[in-house]
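For reference, the structure is listed below as structure tokens.
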Amino acid sequence: MRISTATFQSNAVSQMDALQAAMQQTQQQLSTGLKLQSAADDPIGMAKVNQMNVEISASTQYVTNSNTAQINLQLEEQALTDASNVMQNANTLAVEANNSALTAANRHDIATQLQQDLQSLVSIANSTDGNGNYLFGGYANTATPFTQSGGTVSYNGSTQVTQVQISSNQSISSGDSGVVSFMSIPTGNGTFATSAAATNTGSASIGGGSVTDPTAYVSGTYTISFTDPTNYQVTDSGGNVVSSGTYQSGDSISFNGTQVSLSGTPAAGDQFTVAPAGTTSAFSALSNLIATLNSTSLNPGQLATQINSAVQQIQNSITNFSNVSASVGARLNAITAAQSSATTTQTNLKTNVGTIQNTDYTAATTQLSSEELALQAAQESYASLEKLSLFNYIQG
């Protein structure tokens, strides 16, 4: 086969151009540290790198989300602790107030201290984060959630809270609404609540009571009526007698799976009510107690009954704060686990990206040396062959 001089030159130049291009690419890999400059270098590899970069970006956003939620939840946890401390102090004051030896002035002094506790509790409930957003406002976290008018505290926030994505398959609430935290406190023992009639004239008071036999308990409103200081009967809302008996101070009265304790001496016609529990607010627990201690019209039995009820409400508030705080703690643990998992995932993904995309300097340096030798050999070969001609062949 005969090869023309033009063809020989074209092929040789093309070969040297290819070697030069390969050298330039290798040099670029060494200078940038990137083996893949574009999808053309390795389409499959670049597709994998792009996908892993998307996953890294998503994981980074999840960590950012979880960091924000973590700060909010830690602030909420502290606020709940502060609220519990306020109520613990109020509980101590309430127990102190439930002493028949105290004068009206003594009770008024305790009520004044409880008024400070109420203001402190409202302030805690209106706590904000570092950006001025209210912790317990729910979606409506830019407006003051709790407002006070006299002894009444109202909630103006939202019942819905922000959900934050902390991983590809997990979202958490970044806070709790004021309704859950402060406004949904069970009354009484959570099943039923007791009270004394406003018309009572005796000295008897009633405690919170309990359900002793859930299988026998029948929910409803019951009235304990005293026909004289030692005899009583219990009637349901329909006026049917469900129990009766004799009483002396300190006795417990049982009926339909429930038991309540009374102390003191009732008067003929005195009545006590046992009704299904509802809900109230932590603020009402304090404001009702303040009103009770400031009252000058309650007899000893009514006073003791209302203080007992207030103590139970305060304790229920403390329990609720503890329950919400436990939920906060569980979410903080979930965030910690998600952050740890995200860190591991990002490390693995970045390592895999580096394996595909980053330059192997040892291999690239060796390759560059080989390409330089190949180009040098091609250039020398071309220079030698270019000198050949038919005349030189004949002369030789």
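Filtered by the rule that a residue be free of Cβ contacts under 8 Å to residues at least 12 places away in the same chain, under 21 Å from Gly151 (Cα atoms) and among the polar types (S, T, N, Q), the stretch 293-326 gives Ser295, Ser297.
For every residue, the table says whether it meets (1) under 30 Å from Ser203 (Cα atoms); (2) hydroxyl-bearing (Ser, Thr, Tyr); (3) without any contact (Cβ under 8 Å) to a residue 60 or more places away in the chain.
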residue: Val95; (1), (2), (3): yes, no, no
residue: Asn98; (1), (2), (3): yes, no, no
residue: Leu102; (1), (2), (3): yes, no, yes
residue: Ala105; (1), (2), (3): yes, no, yes
residue: Gln115; (1), (2), (3): yes, no, no
residue: Ser123; (1), (2), (3): no, yes, yes
residue: Asn133; (1), (2), (3): no, no, yes
residue: Asn141; (1), (2), (3): no, no, yes
residue: Thr152; (1), (2), (3): yes, yes, no
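Considering (1) of a type outside the set (Ser, Thr, Tyr); (2) at positive phi; (3) in the same structural domain as Leu73 (by TED's automatic domain parsing), the lone condition that Gln160 does not fulfil carries the number (2). The set of residues in the stretch 157-178 being farther than 15 Å from Ile335 by Cβ and touching a strand residue (DSSP E or B) at 6+ places or on another chain (Cβ under 6 Å) consists of Val161, Gly178. Being in the same structural domain as Phe272 (by TED's automatic domain parsing), of a type in the set (S, T, N, Q) and exposed (fewer than 14 other Cβ atoms within 10 Å of the Cβ) holds for only one residue in Thr215, Thr223, and it is Thr215. Here the stretch 156-168 is the region considered, the condition is being under 14 Å from the mean Cα position of the chain (by Cα) and closer than 22 Å to Thr60 by Cα, and the residue that is surrounded by the fewest Cβ atoms within 10 Å (Cβ to Cβ) is Gln163. Residue check, Ser171 against (1) of a type in the set (Gly, Ala, Ser); (2) surrounded by fewer than 20 Cβ atoms within 10 Å (Cβ to Cβ); (3) more than 23 Å from Ser281 (Cα to Cα); (4) touching a residue at least 12 places away in the same chain (Cβ under 8 Å), all met but one. Which one? Result: Ser171 fails condition (4) only.
Test Ala97 against the criterion of being surrounded by 18 or more Cβ atoms within 10 Å (Cβ to Cβ), within 30 Å of the chain's Cα centre (by Cα), aliphatic (A, V, I, L, M) and modelled with pLDDT of 90 or more, and give yes or no. Against the criterion (surrounded by 18 or more Cβ atoms within 10 Å (Cβ to Cβ), within 30 Å of the chain's Cα centre (by Cα), aliphatic (A, V, I, L, M) and modelled with pLDDT of 90 or more), Ala97 does not qualify. Count of the stretch 179-199 residues, restricted to those that are buried (at least 22 other Cβ atoms within 10 Å of the Cβ) and either in contact with a strand residue (DSSP E or B) (Cβ under 6 Å, 6 or more places away or on another chain) or closer than 21 Å to Thr343 by Cα (or both), is 6.
To keep it simple, each residue is scored yes or no on (1) touching a helix residue (DSSP H, G or I) at 6+ places or on another chain (Cβ under 8 Å); (2) among the polar types (S, T, N, Q).
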| position | (1), (2) |
| --- | --- |
| Ala267 | no, no |
| Thr273 | no, yes |
| Ala277 | no, no |
| Phe283 | yes, no |
| Asn288 | yes, yes |
| Ser295 | yes, yes |
| Ala304 | no, no |
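Scan the stretch 109-155 for residues that are crowded, with 16+ Cβ neighbours inside 10 Å and either at positive phi or basic (Lys, Arg) (or both) and the total you get is 1.
Scanning the stretch 144-200 for residues that are touching an Asp or Glu at 6+ places or on another chain (Cβ under 7 Å) and among the polar types (S, T, N, Q) returns a single hit, Asn200.
Residue by residue, here is whether (1) within 12 Å of the chain's Cα centre (by Cα); (2) within 30 Å of Thr60 (Cβ to Cβ) holds:
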position	(1), (2)
Gln306	no, no
Val311	no, no
Asn316	no, no
Thr319	no, no
Val324	yes, no
Ile335	yes, yes
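Taking the conditions exactly as written (aliphatic (A, V, I, L, M) and under 28 Å from Ser281 (Cα atoms)), does Val218 satisfy them or not?
Answer is yes for this residue.
Here Asn323 meets each of (1) at pLDDT below 95; (2) in the same structural domain as Asn156 (by TED's automatic domain parsing); (3) closer than 30 Å to Asn256 by Cβ with one exception, condition (1).
The values are calculated or read from the model by the stated rules, or taken from the named source; none is laboratory data. The structure presented is a predicted model; accordingly, all values stated were derived computationally and were not measured. Note that we place each Cβ from the backbone using ideal geometry, even for glycine, and neighbour counts take in every protein chain shown.
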